[in-house]
Protein chains: 2
Amino acid sequence: MANTVVNKTAHPFERSRLESLLLGRFFYAPAFEIYSGVKGLYDFGPPGSSLQSNIIAEWRKHFIIQEHMLELDTTVITPAPVFEASGHVARFADWMVKDAKTGEVLRADHLVKNVLQARLDSDRLARDPAYQPPKEDNKKKKKASAGKAKLAAVKLPDELVAEYENILAKLDNYTGTELGELCRMHKITNPDTDNEVSEPTMFNLMFQTSIGPTGDVPGYLRPETAQGHFLNFSRLLAFNNNTLPFASAQIGRSFRNEIAPRSGLLRVREFTMAEIEHFVDPDDKSHPNFDEVRDVELDLLDRHTQESGSTKVTRTTVGAAVDQGIIANQTLGYFVARIYLFLTKIGINPKRLRFRQHMANEMAHYATDCWDAEIENSFGWTECVGCADRAAYDLTVHSNKTGHPLIVKEQLATPIVTEREVADLKMSLLVKKFGKETSAVKDIVREMDDAQLLRLKGELAQGTATVVSNDGKEYKLTPDLLTIERKTLKLGKREYTPNVIEPSFGIGRILYCLLEHSFWSREQDIERGVLSLPALVAPTKVLIVPLSSKKELFPLVAEITAKLRKAGVFSRVDDSNKSIGRRYARNDELGTPFGITVDFASVQNGTVTLRERDTTMQLIGPVDDVIATVTELVNDTIEWAEAAKRLAVYDGVQALD
Amino acid sequence: MANTVVNKTAHPFERSRLESLLLGRFFYAPAFEIYSGVKGLYDFGPPGSSLQSNIIAEWRKHFIIQEHMLELDTTVITPAPVFEASGHVARFADWMVKDAKTGEVLRADHLVKNVLQARLDSDRLARDPAYQPPKEDNKKKKKASAGKAKLAAVKLPDELVAEYENILAKLDNYTGTELGELCRMHKITNPDTDNEVSEPTMFNLMFQTSIGPTGDVPGYLRPETAQGHFLNFSRLLAFNNNTLPFASAQIGRSFRNEIAPRSGLLRVREFTMAEIEHFVDPDDKSHPNFDEVRDVELDLLDRHTQESGSTKVTRTTVGAAVDQGIIANQTLGYFVARIYLFLTKIGINPKRLRFRQHMANEMAHYATDCWDAEIENSFGWTECVGCADRAAYDLTVHSNKTGHPLIVKEQLATPIVTEREVADLKMSLLVKKFGKETSAVKDIVREMDDAQLLRLKGELAQGTATVVSNDGKEYKLTPDLLTIERKTLKLGKREYTPNVIEPSFGIGRILYCLLEHSFWSREQDIERGVLSLPALVAPTKVLIVPLSSKKELFPLVAEITAKLRKAGVFSRVDDSNKSIGRRYARNDELGTPFGITVDFASVQNGTVTLRERDTTMQLIGPVDDVIATVTELVNDTIEWAEAAKRLAVYDGVQALD
């Protein structure tokens, strides 16, 4: 029988093997391939689409349903004034440089990173000939190895190594001018041509278009779904019976016109996002369910650590991080923990997941604090979820631009009682005395604070008081013109602009990292790739494999399919005329966790075998027992070890697999 | 107790009432409303998003899962060459006219329709003062009534009435030039200004953009998801083990830059589509499951009926329509029937659903036959699903443009055996005789059909034969230069370009028509609107209503919520401090089919009441019985009458509702 101890690390990870599996099984492929493709655009095929929609379905359950969020579906096309107000037209941009001779466009920060990293690799090679440069994309790898012959074993002075490492740790913190200086100072040229590059210029990452037939209504494709939430804030608040806090959620397509996308699904021009906008009272960012996640342990990489040039994480609980002020508030901490729970539930390796705080200059223009869930993969550590405190930024700018108040009016349970001086102006007498300048006088008094009113009251008690307008004009006031009294004021309402905590998920990036974390090859045969996707997100849960295409097997196959469907388990039948070994190998590549084999003995005895993907171990039992067991396995209520107790071990494995 | 006989037609349908409900409950709202909006763009709020995703979930079950379709998710952004090849750059356009003085842009066919329809209404008013003009949108209605004072009772000559009616029946069949002629001939002006309009010009309906930082890669937003299927045809075929037929399916956003969108959700610039591309052997468009739908009865409006100026439908079965050649083939008929079953299942009124065949000039440039599922609503009959036979058009144009073959290579089970004359040319001798002209001679022989070769064979048997090239040059052939023999040929493979049958669903249009078909007002109070959405698609299935906000009720409410979740029933709690009547009224507007009321008696006796939305009738029983019953109601395994047998009728209804 099959070996039940599986060694998933017998072969080191090779991205090219995974990529060839993903392309071969049509998880996804470059879009417009037969038209020679367009960089940064990918199409999902059947297994990729299923994997994606399973991840989204779990996201919907974990966030929208469990937390009673209000779902939205807003438009992609957005008229220009919205992004002018939000600041995206002015600031949603990357720095690009041009090759001085060929005109090739490069992203400035990526250029600096790639060149300095290559120099550091070459230095390390000089210091240790056994050194292997770390993760880089295939194309780069080829170039790097081509270049290595040239660069190989160039030892750098220790101070320069330290300086390069320091630059790389702070890379997201540089302005365009600083990136330009780095290029000049460190003689960074286009590695493909060795030509110098231009000064960095800004390139706005939004796709532009024009709305309607007249050509005079400019628009953009949204680079995030967030604005759709903010613009509908008043309707959402009303839907939520005018109470805070509440969260809206949206899953949808967004677009960013990346300068030079290169890292497969990790940097694309069109992608599916899932975004939450949690609207909260700025004076109270506690979260009612925080205690449920208080003990979740995370790897944190805070701002100060990075600014000191280090990338060493600290293992801590969310509770401790919030208590110590590392994470700014409970709501932000709550979502950081919920993001962690979601990602690990769908199969992300928790050891390759960290939360990194943004540095001051790196932060998006609208955020006051931000923690990225970064997942390690063969390209490095990649931001897959952002969790930002956008404060009142967005609601304020849209409210200012449109004049439409985006605020909460809170009826206070106990009114706020205050005492203060109140001036009562006798308008008719004032007009008689000051004529056209009455309103100037009125404004001076209205703008006085409590202390100023008290002082004025004192002066009036002595007869006459002189007040001065902002432009220096003096007016004499006498007690007949106004009285000032101390009054008790009750404030029954409070008006404020809510703050927003925004967890924002890049579904494609998460999906790609999950594929890397799930991929391995069988110890005895490196060509036999396996995707160990959890049943929760696997495109197909159970593969039904009739051992022959003879008609005798049809009724049993149909019966099993129907019973699985009734149990809510998504299965597929593979009745192709391939050998059973090839059919199982195909489904290992597709990540199908379980297989049910139907043969002539099944028809005679009413028994079928159940195969587990990772171990290739097989069990045998009556049809209904196998269906009950596999249903529990798929729903994650039992593990394989328990299944092996319920059903008999099948000995014919080697012959079949 | 409540009246169980419900009169849903006590009040005639008024669109403005429905619209105010939909806006008030945030089913959807004009996008960018606080920025004064952009025509043709709408955002879905919480109930609209849920309704939409329930419709999509049922679509996925009905089509993708039940028919084992291959799901895809392809990009919106598309480089220009794709739509140049597909013909969209040249022909995906509408005719627009401009107001000669104001420059306002109008869609030419809509202008003709609205003006002639208004004249016919005015004529009918003259003939019958009690006449009410039929469905038009609100804005128009106001204008029409304003205009009616002016136009009222203008009787037209009988011939002109007939001519207008004939034009309206054929409206989709006119070219731009013809629309221009109609405007001149019938003095059709802009009804808002009475100004003349310009000659119709074409306006391409695709949104344009630019891909990447250089500005030299033009692109479009897809106006349909279909091209994404076609471009991935080879990968899909491989995924399906290289066998036909198979169908791919995709649900996603598409974009059309409509000239003057006016009819709410029915004509928008951004929308969700669900599209199927069923790839089939052009020589065999039978469908294996056709017998399952053969007896489905439909209202059909065929091409010939429309071309004769009539819009009278014929009631017939799909089987009869295919047998009589009204619907071109089984696969097209199969999908027409499946579309009918889907639409009626989610709640579309079958009496307001017809299938209309496209007329010759109306057909999209890629289609050879097309049937639209049209749903009647207050704007008229609206195309909500198209079902087109695109033949081999798309695969052929992309294959020609790219050089990438998009074909099926079929291994024939029994090779095709043919006998034919085969020429064997003695090349060396031919070269010796004809030198540089050998290839011309070769081409002449190669291009000969069987009969020509047979004749040549006869001539050679007599000594010499003369053959003539296309440009008239003569060559003398002798038996030493070639032999011609009859041979038996076996063809083991067949290569062909598949045909495509495309059902294409506009989800937003279906959703809007469903809302109209579901809306009514209570007989006793027109202000109390109800949306009788089927439980299958209703945003919330069960509303749990605690009668008081006292803590004593919390545990029971939590218990019911948990038990419903376990039973797979999506519920919500409304614990706002509104009266129970107002809470139920709100949920009638939200289309929630069932309500469970929890009060202090519930805590004491363990019983709760179950309310049905349409009748407002209430039943009472132990918690578990009510949950079991409502689960069956939601899953549509029992009807309310059956529920009323299982549980006791509750008498306190009037007090509560």
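The values are calculated or read from the model by the stated rules, or taken from the named source; none is laboratory data. Just so it is clear, the model here is predicted, and its values are computed rather than measured. Positions of Cβ are backbone-derived with ideal geometry, glycine not excepted, and every protein chain shown enters the neighbour counts.
Of everything in segment B:220-233 that's more than 8 Å from chain A (Cβ to nearest Cβ) and not in a loop (DSSP other than H, G, I, E, B), which residue is surrounded by the fewest Cβ atoms within 10 Å (Cβ to Cβ)?
B:Gln227
What's the number of the only condition in (1) modelled with pLDDT under 90; (2) touching an Asp or Glu at 6+ places or on another chain (Cβ under 8 Å) that A:Lys566 fails to meet?
(2)
Determine which member of the set A:Gly595, A:Gly621 is of a type outside the set (Phe, Trp, Tyr), surrounded by fewer than 21 Cβ atoms within 10 Å (Cβ to Cβ), touching a helix residue (DSSP H, G or I) at 6+ places or on another chain (Cβ under 9 Å) and assigned to a strand (DSSP E or B).
Residue meeting the stated conditions: A:Gly621.
Under the condition of being of a type in the set (D, E, K, R) and in contact with a Leu (Cβ under 9 Å, 6 or more places away or on another chain), which residue from segment A:25-59 is nearest to B:Gly228 (Cα to Cα)?
Ranking the candidates gives A:Asp43 first.
Check segment A:179-190 and report whether any residue there is within 24 Å of A:Val115 (Cα to Cα), loosely packed, with under 15 Cβ neighbours inside 10 Å, among the basic types (Lys, Arg) and modelled with pLDDT under 90.
The answer is no; no qualifying residue exists.
Let's see how each residue does on (1) over 24 Å from A:Arg572 (Cβ atoms); (2) touching a His at 6+ places or on another chain (Cβ under 7 Å); (3) at pLDDT 95 or above:
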{"residue": "B:Asn195", "(1), (2), (3)": "yes, no, no"}
{"residue": "B:Pro223", "(1), (2), (3)": "yes, yes, yes"}
{"residue": "B:Asn232", "(1), (2), (3)": "no, no, yes"}
{"residue": "B:Asn240", "(1), (2), (3)": "no, no, no"}
{"residue": "B:Arg262", "(1), (2), (3)": "yes, no, no"}
{"residue": "B:Phe271", "(1), (2), (3)": "yes, no, yes"}
{"residue": "B:Glu277", "(1), (2), (3)": "no, yes, yes"}
{"residue": "B:Asp291", "(1), (2), (3)": "yes, no, yes"}
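Of all residues in segment B:100-122, count the ones that are assigned to a strand (DSSP E or B) and either among the β-branched types (Val, Ile, Thr) or surrounded by fewer than 19 Cβ atoms within 10 Å (Cβ to Cβ) (or both).
1
Can you run down the residue pairs with Cβ atoms below 8 Å, 6 or more apart or on separate chains, where the first is in segment A:565-587 and without any contact (Cβ under 8 Å) to a residue 12 or more places away in the chain and the partner is surrounded by 14 or more Cβ atoms within 10 Å (Cβ to Cβ) and part of a helix (DSSP H, G or I)?
Sorted first by the residue in segment A:565-587, then by its partner, the pairs are A:Ser576/A:Arg583; A:Lys578/A:Arg586.
When you look at A:Ile55, is it more than 30 Å from B:Leu237 (Cβ to Cβ) and within 14 Å of chain B (Cβ to nearest Cβ), yes or no?
Spelling it out, it is not the case that A:Ile55 is more than 30 Å from B:Leu237 (Cβ to Cβ) and within 14 Å of chain B (Cβ to nearest Cβ).
Kindly indicate which of A:Leu332, A:Leu412 is away from chain B (no Cβ under 14 Å), among the aliphatic types (A, V, I, L, M) and under 22 Å from A:Arg494 (Cα atoms).
A:Leu412
Is it the case that segment A:133-156 has a residue that's in contact with a Leu (Cβ under 8 Å, 6 or more places away or on another chain) and either of a type in the set (Asp, Glu) or modelled with pLDDT of 90 or more (or both)?
yes
If you check A:Thr214 against the conditions, is it loosely packed, with under 15 Cβ neighbours inside 10 Å and within 14 Å of chain B (Cβ to nearest Cβ)?
The answer is yes for A:Thr214.
For segment B:406-419, does any single residue satisfy the condition of being in contact with an Asp or Glu (Cβ under 6 Å, 6 or more places away or on another chain) and over 30 Å from B:Leu301 (Cα atoms)?
Yes, segment B:406-419 contains a residue that is in contact with an Asp or Glu (Cβ under 6 Å, 6 or more places away or on another chain) and over 30 Å from B:Leu301 (Cα atoms).
Find the residue count for segment A:84-96, including only residues that are surrounded by fewer than 22 Cβ atoms within 10 Å (Cβ to Cβ) and not in a strand (DSSP E or B).
7
Rundown of residues vs (1) modelled with pLDDT of 90 or more; (2) farther than 21 Å from A:Gly212 by Cα, yes/no style:
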| residue | (1), (2) |
| --- | --- |
| B:Val82 | yes, yes |
| B:Ser86 | yes, yes |
| B:Arg91 | no, no |
| B:Asp99 | yes, no |
| B:Glu104 | no, no |
| B:Ala108 | yes, no |
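Tell me which residues, restricted to segment A:241-271, are touching a Ser or Thr at 6+ places or on another chain (Cβ under 9 Å) and over 25 Å from A:Ile77 (Cα atoms).
A:Asn241, A:Thr243, A:Pro245, A:Ser263, listed by residue number.
To keep it simple, each residue is scored yes or no on (1) under 20 Å from B:Gly24 (Cβ atoms); (2) outside the structural domain of B:Ala628 (by TED's automatic domain parsing).
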site: B:Glu516; (1), (2): yes, yes
site: B:Ala535; (1), (2): no, yes
site: B:Leu547; (1), (2): no, no
site: B:Leu556; (1), (2): no, no
site: B:Glu559; (1), (2): no, no
site: B:Val573; (1), (2): no, no
site: B:Lys578; (1), (2): yes, no
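So in segment A:20-48, with the set limited to residues that are without any contact (Cβ under 8 Å) to a residue 40 or more places away in the chain and either more than 23 Å from A:Ser254 (Cβ to Cβ) or part of a helix (DSSP H, G or I) (or both), which one is farthest from the other protein chains (Cβ to nearest Cβ)?
This residue is A:Ser20.
For segment A:399-409, how many residues meet the condition of being more than 31 Å from the chain's Cα centre (by Cα) and either assigned to a loop (DSSP other than H, G, I, E, B) or within 14 Å of chain B (Cβ to nearest Cβ) (or both)?
Total meeting the criteria: 1.
Please enumerate the residues belonging to segment B:374-424 that are among the small types (Gly, Ala, Ser) and surrounded by 14 or more Cβ atoms within 10 Å (Cβ to Cβ).
B:Ser378, B:Gly380, B:Gly386, B:Ala388, B:Ala391, B:Ala392, B:Ser399, B:Ala423
With the requirement that a residue be assigned to a loop (DSSP other than H, G, I, E, B), at the interface with another protein chain (Cβ under 9 Å from one of its Cβ atoms), surrounded by fewer than 22 Cβ atoms within 10 Å (Cβ to Cβ) and not charged (D, E, K, R), what does segment B:241-260 give you?
B:Asn241, B:Thr243, B:Ala260
Restricting attention to segment A:629-654, which residues are surrounded by fewer than 16 Cβ atoms within 10 Å (Cβ to Cβ) and farther than 22 Å from A:Asn54 by Cβ?
Listed by number, the residues that qualify are A:Ala641, A:Glu642, A:Lys645, A:Arg646, A:Ala648, A:Val649, A:Asp651, A:Gly652, A:Gln654.
Considering only segment A:58-106, state which residues are over 17 Å from the mean Cα position of the chain (by Cα), facing chain B (nearest Cβ under 10 Å) and β-branched (Val, Ile, Thr).
Across segment A:58-106, the qualifying residues are A:Ile65, A:Thr74, A:Thr75, A:Val76, A:Ile77, A:Thr78, A:Val82, A:Val105.
Given the criteria under 25 Å from A:Thr344 (Cα atoms), touching an Asp or Glu at 6+ places or on another chain (Cβ under 9 Å) and among the polar types (S, T, N, Q), does A:Asn7 qualify?
So A:Asn7 fits the description; yes.
Determine, yes or no, whether A:Lys487 is touching a strand residue (DSSP E or B) at 6+ places or on another chain (Cβ under 7 Å) and exposed (fewer than 12 other Cβ atoms within 10 Å of the Cβ).
For A:Lys487, the condition - touching a strand residue (DSSP E or B) at 6+ places or on another chain (Cβ under 7 Å) and exposed (fewer than 12 other Cβ atoms within 10 Å of the Cβ) - is met.
Quick check: anything in segment A:197-204 farther than 30 Å from B:Asn257 by Cα, away from every other protein chain (no Cβ under 14 Å) and either surrounded by 20 or more Cβ atoms within 10 Å (Cβ to Cβ) or in contact (Cβ under 8 Å) with a residue 24 or more places away in the chain (or both)?
Within segment A:197-204, one or more residues are farther than 30 Å from B:Asn257 by Cα, away from every other protein chain (no Cβ under 14 Å) and either surrounded by 20 or more Cβ atoms within 10 Å (Cβ to Cβ) or in contact (Cβ under 8 Å) with a residue 24 or more places away in the chain (or both).
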